[in-house]
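Trainee: Sharing a structure, written as structure tokens. Questions coming.
The values are calculated or read from the model by the stated rules, or taken from the named source; none is laboratory data. No experiment lies behind these values; they were computed from the predicted model shown. Positions of Cβ are backbone-derived with ideal geometry, glycine not excepted, and every protein chain shown enters the neighbour counts. For accessibility, only protein heavy atoms count, side chains too; no ligands or nucleic acids. Shrake-Rupley method; radii C 1.70, N 1.55, O 1.52, S 1.80 Å.
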Amino acid sequence: MAASSNSSLSGSSVSSDAEEYQPPIWKSYLYQLQQEAPRPKRIICPREVENRPKYYGREFHGIISREQADEILAGVEGAYILRESQRQPGCYTLALRFGNQTLNYRLFYDGKHFVGEKRFESIHDLVTDGLITLYIETKASEYISKMTTNPIYEHIGYATLLREKVSRRLSRTKNESRKASVTSEENTPVEKITSLVRRAALTQNDNHFNYEKAHNFKVHTFRGPHWCEYCANFMWGLIAQGVRCSDCGLNVHKQCSKYVPNDCQPDLKRIKRVYCCDLTTLVKAHNTQRPMVVDSCIREIEARGLKSEGLYRVSGFTEHIEDVKMAFDRDGDKADISASIYPDINIIAGALKLYFRDLPIPVITYDTYSKFIEAAKISNPDERLEAIHEVLMLLPAAHYETLRYLMIHLKKVTLHEKENFMNAENLGIVFGPTLMRPPEDSTLATLNDMRYQKLIVQLLIENEDVLF
């Protein structure tokens, strides 16, 4: 496709002065093609069809052949009918006229209509979306295949000259910018560029703990015209036009999502809770080195609980532990877990253990679990420690830092063993299954591995100064 058909990005997207920041000019070629796509034309059956499925309308023509369908649709671009298969009664087909030929698609219904992955409330919407896709992919197949070669993401998301000044500007106006409803020249909501500006601003100067994090993309239906924040091209179709990162809000084509770097910067307003949230997502959203739950609980325990008998082994009241959990989910790092609210330190210890148990990916990740277990089975002590150290290096940075900080704390707990009766082995029994779980949900595997889980944590505590 001729490059002149789309708007250029040059000269408008990067400014050396953040105060003069201008949104990118979105490439409108695919949007123009969507506007040109044939409109659906329902061909009504002139007779009353017996046994017509209740979820189809008068576009259903009953049992007819492909040849008959072709005759009915001949010469009318975008025309469609539904028919029942002659060869497979009870199976239904969408016959659609496009490109001077009749296309036949096996049609399904499960409460919504579909011929592929997308599901539609009505046949009319299904056909509309299908005609758009057929038209764009026919007219612009070469263009689409090259969409990712010059991504806007690299020019805007990492505009070095913008970083510090945009950051200062955002810090002054973050409340106003969230409410902004200003639109660009193409009536594109400013919200669409917000995540680009955020990524430009969130650098190592602002984000001291710049852990790598993959985007959490999920198929999304965009209301109104939307452009891809990776390639700047229009996201065509009626529904499920692309994917959105549920953690930072980045909107991209499904095919573009494969090229987006692992640089997700979670937005706090999208993180609904603290417990049960992915560990890396939480620390990046709060811009902290470790989950603030871990810091808060350990700070409280070290201030007033290191000598408490049976620390981490004795359980606090479940309902009080749930109260602490709700406090963190509700108030974040402002949650009050002081002695005046929770005098029993076992409640705080229980809340910390619960946080680790609730993680969707354990501190010792599923990917490294089997390697840790194999390392624990090595009989030579020096070789075993060396193997454990090598596996520790495979942990994601946020997981490694959290584990390191916890082991330093648990080492302090063992220094008060005479008062609390908790040595490294006892703590290994408590924290083994809390910090590491087998990838497969197998009771037998868990039971078989328990002694190795205990041993790993015990060795991490005893050798934290060597291993970390």
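Trainee: Identify all residues within the range 324-341 that are open to solvent by less than 60 Å² (accessible area, probe 1.4 Å) and in contact (Cβ under 8 Å) with a residue 24 or more places away in the chain; write none if there are none.
Mentor: The answer is Val324, Lys325, Phe328, Asp329, Gly332, Ala335, Ile337, Ser338, Ala339.
Trainee: To continue, here is another question. In the range 359-401, what count of residues is obtained for those that are of a type in the set (A, V, I, L, M), buried (at least 20 other Cβ atoms within 10 Å of the Cβ) and not in a helix (DSSP H, G or I)?
Mentor: Residues that pass the stated criteria total 3.
Trainee: What number goes with the only condition from (1) part of a helix (DSSP H, G or I); (2) under 22 Å from Val466 (Cβ atoms); (3) not small (Gly, Ala, Ser) that Met422 does not pass?
Mentor: Status for Met422: all satisfied but (1).
Trainee: I've got another one for you. Determine if the range 402-412 includes at least one residue that is polar (S, T, N, Q), in contact (Cβ under 8 Å) with a residue 60 or more places away in the chain, buried (at least 20 other Cβ atoms within 10 Å of the Cβ) and under 16 Å from Leu460 (Cβ atoms).
Mentor: yes
Trainee: Output the residues belonging to the range 235-259 that are more than 20 Å from Phe120 (Cβ to Cβ), touching a strand residue (DSSP E or B) at 6+ places or on another chain (Cβ under 9 Å) and outside any loop (DSSP other than H, G, I, E, B).
Mentor: Within the range 235-259, Cys245, Asn251, Val252, Cys256, Ser257 meet the criteria.
Trainee: Tell me, yes or no, whether the range 280-300 has at least one residue that is within 20 Å of the chain's Cα centre (by Cα), open to solvent by 30 Å² or more (accessible area, probe 1.4 Å) and not β-branched (Val, Ile, Thr).
Mentor: Yes, because at least one residue in the range 280-300 is within 20 Å of the chain's Cα centre (by Cα), open to solvent by 30 Å² or more (accessible area, probe 1.4 Å) and not β-branched (Val, Ile, Thr).
Trainee: Give the number of residues within the range 109-133 that are open to solvent by 40 Å² or more (accessible area, probe 1.4 Å) and under 13 Å from Pro38 (Cβ atoms).
Mentor: Going through the range 109-133 one residue at a time, the tally reaches 0.
Trainee: Hey, any hits in the range 73-94 for a residue that's part of a helix (DSSP H, G or I) and over 40 Å from the mean Cα position of the chain (by Cα)?
Mentor: The answer is yes; a qualifying residue exists.
Trainee: Just checking: which of the helices (runs of 4 or more DSSP H) contained wholly in the range 260-346 hold 2 or more residues that are touching a helix residue (DSSP H, G or I) at 6+ places or on another chain (Cβ under 6 Å) and modelled with pLDDT of 95 or more?
Mentor: Here the list reads 292-304, 318-331.
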